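Scroll down for the structure; my scribbles are underneath it.
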Amino acid sequence: MGLMPGLRAGLRALPGGWAVLLLGAAILAFAVPGDGLTGGLRFEREAIAGGQLWRLASAHFVHLGMSHAVLNVVGLLLIAWLVGKEYTVRQWLFVSAITIATIDAGLWWLLPELEWYVGLSGVLHGWLAAGVVVQVGRRRPDGLLLAGLLTGKLVFEALFGALPGSAETAGGPVVTEAHLYGAVGGLLAGLLLSRFVRSRRL
């Protein structure tokens, strides 16, 4: 499968065809107003404790600025191409919900010193991990390669922090813990889905 046919196949599958492009466009649009919009949508510990629970979801779709947003939209398109076809629309929504919940729980309870957070990168790691579960289960060489690369990246970040140049590209500090929590959430969702699919429940 060539690059463009593969990309189109991925876009049709994650999530709901060309909706992935609409998601990418929305993320870029959210980045245009800057702090004026981001401030009301980001993960902000004090505001969430005060009842602004929408931030637990919205934080993952706003960014530090346009460069950060573009970086994550490119990641979104790449992951759509690599693993987008592995699940149905409903299954990708399930993966997204589990991944976001896992990231939020990790940030809230395991990283109490974190005051605020924005960005899709944690969710991207979850989507990739969930897709890899399917590919590794089928013993596909590309899935094994992706699993190795994802694991290596997470281990590097755990030992040494963000990849060189990533903070400069994003325009601010990188919360690498969100990548780990996202990958754990995606792995959990992928394993749950493999069980549900076998029992034909989802």
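For the range 39-75, residues that are closer than 17 Å to ALA97 by Cβ and among the aliphatic types (A, V, I, L, M) total 4. Check whether at least one residue in the range 63-74 is aliphatic (A, V, I, L, M), crowded, with 21+ Cβ neighbours inside 10 Å, touching a residue at least 12 places away in the same chain (Cβ under 8 Å) and under 18 Å from GLY190 (Cα atoms), and report yes or no. For the range 63-74, residues aliphatic (A, V, I, L, M), crowded, with 21+ Cβ neighbours inside 10 Å, touching a residue at least 12 places away in the same chain (Cβ under 8 Å) and under 18 Å from GLY190 (Cα atoms): absent. In this structure, does ALA162 turn out to be out of contact with any strand residue (DSSP E or B) (no Cβ under 8 Å at 6 or more places or on another chain) and assigned to a helix (DSSP H, G or I)? No, not satisfied. Of everything in the range 39-62 that is without any contact (Cβ under 8 Å) to a residue 40 or more places away in the chain and in a loop (DSSP other than H, G, I, E, B), the residue that is surrounded by the fewest Cβ atoms within 10 Å (Cβ to Cβ) is GLY51. Considering each residue of the range 181-195 in turn, at least one proves to be out of contact with any helix residue (DSSP H, G or I) (no Cβ under 8 Å at 6 or more places or on another chain) and either surrounded by fewer than 20 Cβ atoms within 10 Å (Cβ to Cβ) or among the hydrophobic types (A, V, I, L, M, F, W, C) (or both).
Laboratory data are not the source of any read-out in this text; all were calculated from the coordinates shown. All of these numbers come straight from a predicted model, not from anything done at the bench. Please note: Cβ atoms are built from the backbone with ideal geometry, for glycine as well, and neighbour counts cover all protein chains shown.
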